[in-house]
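Here is the structure we will look at.
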Amino acid sequence: MILLCAPDALAEGQSRGFQLGNIRLLAVRRHGQAYVYENRCPHRHVPLEWQADGFLDDSGSLIRCATHGALFLIESGECVAGPCAGDALHALACREDDQGLWVQTD
Ligand code: FES
């Protein structure tokens with residue numbers, strides 16, 4: 001596994017973008033739990049953010065693609081609205097310990 005960030009680098013309700021080699025990732029924390037996905041929209045395979053570290057919709061409860069507005073559940077990556085509805089973000093296994101947030105890359 002690869003250490004993505006320090007324990008306090010992803011606050012509750014926050015999203016962040018990361019670059020691991022040539023893989024773009026995004027991490028979100030919701031209800032204490034961290035989720036990590038590949039930062040790649042299933043619709044046109046482009047990065048999702050609308051500004052640096054800005055991956056969430058106005059309510060902060062869904063991940064939103066900046067290009068055509070697809071909305072994804074934070075907990076599963078499932079697309080629930082937009083041109084790729086029914087598709088999903090690619091999730092990466094992750095865990096947290098005293099050192100921070102670790103991700104499993106493929
Ligand atoms: S590229 Fe993401 S919704 Fe079209």
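The values are calculated or read from the model by the stated rules, or taken from the named source; none is laboratory data. Source: prediction; values computed, not measured. In this analysis, Cβ positions are derived from the backbone assuming ideal geometry, glycine residues included, and neighbour counts consider all displayed protein chains. Heavy atoms of the whole protein, side chains included, go into the accessibility calculation; ligands, DNA and RNA do not. Shrake-Rupley method; radii C 1.70, N 1.55, O 1.52, S 1.80 Å.
Taking the Cα centre as origin and putting +1 on Lys and Arg beta-carbons and -1 on Asp and Glu beta-carbons, what dipole magnitude results for the chain, to the nearest 20 debye? Mind showing how you got there, number by number?
Working: 8 positive and 14 negative charges, 59 e Å.
That gives the chain a dipole magnitude of about 280 debye.
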Projected onto their principal axes, the Cα atoms of the chain stretch, largest extent first, over whole-Å spans of 39, 28, 23
Protein accessible area in the chain, 1.4 Å probe - carbon and sulfur %: 46 percent
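Which FRET efficiency, nearest 0.05, do S61 and A91 yield, Cβ-Cβ r, R0 22 Å?
Working: r = 18 Å, r/R0 = 0.80.
Efficiency computed from Cβ-Cβ geometry: 0.80.
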Rounded to two decimals, what is the ratio between the C-alpha radius of gyration of the stretch 1-61 and 2.2 N^0.38 Å? 1.10
With a cut-off of 15 Å, note down the residues of the stretch 1-17 whose backbone N falls inside the zone around a label point 7 Å from the Cα of D98 toward its beta carbon. 7-8
Counting heavy atoms of the protein chains only and a 1.4 Å probe, report the per residue accessible area for the stretch 45-106 as a whole number of Å². 53 Å²
